[in-house]
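The values are calculated or read from the model by the stated rules, or taken from the named source; none is laboratory data. Being a predicted model, the structure only gives us computed values, none of them experimental. Ideal geometry is used to build each Cβ from the backbone, glycine not excepted, and the neighbour counts take in all protein chains shown.
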Amino acid sequence: MGSGKQNVDVNLNPLYEIDAYNKVDMRIALEGENWNITLFGKNITNAEVLTYVGNNPLSGSSFGTDTFLWVCRPTRCIWQTVRLKLLVNAKFTSHYFKN
């Protein structure tokens, strides 16, 4: 069984060992004969997770210091879709994005 930790540094620096985390996504939908409404959510708990750490190229030789770059998992995103089935059998879709 693992420790529930992961090192996200390319050089395996122990400072960048992260704990296990949970990410929650969702999809809720209501549907009628000629319509549906769907609400989607990604990372709804808004977990801030570091996913990669690396040295910035040439930072030590150019600036005399080590500089790091990192990547975090995207923050919470919630959106909805509304679809209507019209008489001509066409569909209309509306999107709303929120960060």
Verdict on Val82 being part of a strand (DSSP E or B), surrounded by 11 or more Cβ atoms within 10 Å (Cβ to Cβ) and at pLDDT below 90
no
Within region 1-40, the count of residues that are over 15 Å from Thr81 (Cβ atoms), surrounded by 10 or more Cβ atoms within 10 Å (Cβ to Cβ) and under 16 Å from the mean Cα position of the chain (by Cα) comes to 4
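Taking into account only those residues within region 41-72 that are among the aliphatic types (A, V, I, L, M) and within 23 Å of the chain's Cα centre (by Cα), which is modelled with the lowest pLDDT?
The selected residue is Leu69.
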How many residues does region 1-42 contain that are in contact (Cβ under 8 Å) with a residue 24 or more places away in the chain and closer than 17 Å to Val53 by Cα?
7
